[in-house]
1. Order these peptides, 153-161, 194-202, 107-115, by their mean beta-carbon neighbour count within 10 angstrom, highest first.
2. If each of Leu87 and Ser200 carries a label point 7 Å out from its Cα toward its Cβ, how far apart are those two points in nm?
3. Given a Förster radius of 22 Å and the C-beta distance between Asn42 and Ala140 as r, what FRET efficiency does 1/(1 + (r/R0)^6) yield to the nearest 0.05?
4. How much length, in nm to one decimal, is gained on full extension between Ala95 and Ser227, taken as 0.36 nm per residue of separation minus their Cα-Cα distance?
5. Let me know the charge dipole size of region 79-184 about its Cα centre in debye, to the nearest 20, where only the beta-carbon of Lys, Arg (+1) and Asp, Glu (-1) is charged.
6. Could you compute the FRET efficiency for Asp219 and Glu72, with r as their C-beta to C-beta distance and R0 at 45 Å, rounded to 0.05?
7. Under unit Cβ charges (Lys, Arg +1; Asp, Glu -1), what dipole magnitude, rounded to 20 debye, does region 118-238 have relative to its Cα centre?
8. If I model a spin label as a point 7 Å beyond the Cα along the Cα-Cβ vector, how far apart are those points for Asp34 and Ser161 in nm?
Amino acid sequence: MKTITPATTPAITTMLFLTVATASLGQSSNIAADDKFAWGENIGFTNWADANGRADGVRLERSHLRGFVWGENVGWINNGSGPTDGLQYANDATADKGVNVDTNGDLFGFAWGENIGWVNFDTRTSLTPFAQQARYDADAKRLRGYAWGENVGWLNLDSASVFVGVCFADVTTTGTSSGVSDGVVDLSDFSFYLSQWAMSAPDADITTPGVCNPGFGGDGVDLSDFSCYLSEWAQGCP
């Protein structure tokens, strides 16, 4: 259990969030309940999980992020609401803006802070030589590296003690089959995933061929997906 206790997220007004998570796998935040903070050098702690009771918190998808980060000192930071093409945000002159994930796990694209402006997650050119580019570390199940905000400086995803972990095994609220993550891994999660897997639901596809790499599927739903989820479930959250 962490000794750091950043301020918790306040209640979200219905005016700000109109979208409610629906009853399907993958609608709410999959950020770990105990590892959900990142530190900004000029903005303090940011909470990546708890927006709208986790329904609108950050979620790592196969090719992008979506959802909201809360900063006690800066307000909301929007990683995107889902790309127009369902794959990656264009980040061009349209409203299709957000943070993407490339095939290596590196992050790129922009998040928008209502009080701080754009945060650039594409630090591949400047920080890859130092292995500090913003990225998803699939082995450690966490984000790493640094993002840059022109108005606020560096957002640190690389701390060994305060970091944003990803929990793919958490797919339900305890005691329900709602498909809304709650930060707890228990039998309801296993039961819900099993039902999705049995129906070959797209979100049950969590492996690439022969590789257990949750969140980065693409080869259809088969036994390797079930085996991968079982391993994730046995490990719980980071």
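1. Values: 153-161: 17.0, 194-202: 14.8, 107-115: 19.9.
With the highest mean Cβ count within 10 Å placed first, the list reads 107-115, 153-161, 194-202.
2. Label-label distance for Leu87 and Ser200, simple model: 2.2 nm.
3. Working: r = 26 Å, r/R0 = 1.20.
E between Asn42 and Ala140, to the nearest 0.05, is 0.25.
4. Numbers: separation 132, 0.36 × 132 = 47.52 nm, distance 3.88 nm.
Using 0.36 nm per residue and subtracting the Cα-Cα distance, I get 43.6 nm.
5. Working: 6 positive and 13 negative charges, 46 e Å.
Roughly 220 debye for region 79-184.
6. Numbers: r = 42 Å, r/R0 = 0.93.
FRET efficiency, Asp219 to Glu72: 0.60.
7. Details: 5 positive and 15 negative charges, 79 e Å.
Result for region 118-238 is approximately 380 debye, rounded to the nearest 20.
8. For the pair Asp34/Ser161, the computed spacing is 1.6 nm.
Quick note: the coordinates plus some simple rules give every number you see, no bench work behind them. Predicted, not measured: the structure shown is a model, and the values here were computed from it. Backbone-built Cβ (ideal geometry, glycine too); neighbour counts: all protein chains shown.
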